[in-house]
Each structure stands twice: as C-alpha cells, then as structure tokens.
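Report on one structure; see the data block that follows.
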Amino acid sequence: MIPLIQRCCFHTPFKLQNLTAPRLLLYGKNKTACSSLGLRLQRNVCPLSRSPHLNVASIYATKLQALHTSLPFFKKKTPKEAEAKAGVLKRSMESLKDSPKPALYLSLAGLIPFVSIPLSMAIQGTYYPELASAQIMYGAVTVSFLGGMRWGFALPENSPAKPDWLNLANSTIPPLFACQALLFKDVTQGAVMLVMALGIALHYDVSLLPTYPRWFKVLRVVGTLVMVFSLLATAALKAISELEQSNSRNEWQNTK
C-alpha cells in the first residue's frame, strides 16, 4: 500500500521501494522514524493537494477585501454623519441672519438681473440674444466688483490682510476673465468664462482670506451659486433655441 501511495504521489518507481510488510511493521515500531515519515508525507502531499485555482481565488478575495476597506466613501453614511452635515448647513444658513441688512438686501437685489433674464425667456419660450448679451455684460461688471473688493479689504492699516502680491495681484484675475468674456461673440463662451471667474473669486474669498466673517462667506457662496446657475440656464436656452431652429430648417427643406 505504501509503495503505491509513494508512486502515485511522488512518481517514484517500484525499484526504489524495497520495503516489505515485516520491515514496515518493524519500521512502524520506531516512533522517531514514523514521525519523520509523517512530516515528509505532510510536507510533500499538501502542496500537491492544493489547487492553483483556489490560490488565485484567495488572492482575488484578499484584493477585493482590501479595496472594500480602503474605499470608505462607497459605504453608506450613518445617520449621525447625515445629521451632522444637516446641522452644519442649517447653522450656515442661520448665520445669514447676522449679516447687516444693507449687505444682505443689496446682495439679493444684485441677483435679480441674473435670475430674471433666463426666467423670462423660459416663460415666454423664446430666446432673446439681446437679453443674453446684457446678462453677460452685467456678469462681467459683477465679477470685476468681486475681484476689486480685496483691494478695499487689504489696503487699510489695521486690516488682517496685507497689501502684498497675493492679495493685490489675485484680485486682478477675475476682471481679466470678465474682459475676456466680453470679447467673445458667442454667449455660451462668455457664460463659461464668467463661471470660471466666479469660481476663482469665490475660492479667494472663502479659502485664502479666512478672516472674512461667516455670514459674508455664506452670502458669497449662495450668490455665486445663483449666478452660475443663471448663466448656465441662459446657455442651455440658447442651445435649445439653436436646436429647434435647425430642426425647423431641416423640415422646411424636406417639404420643399
């Protein structure tokens, strides 16, 4: 039996297996030899009994487990995290109550031209290029005002912001984008340029100047979002109008 097992497992010929039954019995009496034979069988047979497919599967399972543990943002948010984010948003909106009334009302009034132009065109169902161009010009003026605000904040002697290159030079970047937006003949390109300028100005006011009061930062975020969505709405209405005109032109040519 032992020679057959050794031939099947280790591929050795019968000539090397000269163990007879009495010798096996005598060999079995020696505990040290049996233990060494068992260790040899365990060491040589176990690798043969393992399947390479199982090894590959275990490797993939380990990689998937590591990927699952290393990407926590795929996990579901706990109710405590959702409540914490809701609480931060609620406190941010409540901070608008601390803003001075002139600053709050003038900021909201300054958003009326942005919102009214795409809203009126959407209600009437007609795209007016003159109104879209007026919105681009008003947006360029607003971006220039937001960029120059940093000069007024950094120039006073007791200001926490210094009149250095970082504050004064960065304030000129949004007006340059605004000027470039006015040079574009296409309203869509001008709107995209203004959106970029608004994002840069918001980054400067919220991140680079943390000494601004909280109510002003929240007001800047809300105002920027309204202006960006208004400009994108105008660009979308222009694209829809051009698509309808092209479709009607194709239908007229087909009927003709």
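The numbers here are math on the coordinates, done by the rules we state, and not lab data. Just so we're clear, the structure is a prediction, and the values are computed from it rather than from any experiment. In this analysis, Cβ positions are derived from the backbone assuming ideal geometry, glycine residues included, and neighbour counts consider all displayed protein chains.
Which order do the peptides 240-248, 207-215 come out in when sorted by mean C-beta neighbours inside 10 angstrom, highest first?
Those peptides, ordered most packed to least, come out 207-215, 240-248.
Per-residue counts of other Cβ atoms within 10 Å, averaged by peptide: what ranking do you get for 180-187, 227-234, 216-223, 110-117, highest first?
On the way: 180-187: 14.8, 227-234: 20.9, 216-223: 18.2, 110-117: 16.2.
Packing proxy ranking, top to bottom: 227-234, 216-223, 110-117, 180-187.
Cβ neighbours within 10 Å, averaged per peptide: list 148-156, 124-132 in order, most packed at the top.
148-156, 124-132
List, in the order given, every pair from LYS101/LYS217; LYS162/LYS217; LYS185/LYS238; LYS101/LYS162 whose Cα-Cα distance in the structure shown is over 23 Å.
Violating the 23 Å limit, Cα to Cα: LYS101/LYS162.
Using each residue's phi in the range 172-183, evaluate 6.51 cos²θ - 1.76 cosθ + 1.60 at θ = phi - 60° and report the 3J(HN,Hα) Karplus result to the nearest Hz, with x for Gly and Pro.
In residue order, the calculated couplings are 8, 5, x, x, 5, 5, 5, 5, 5, 5, 6, 6 Hz.
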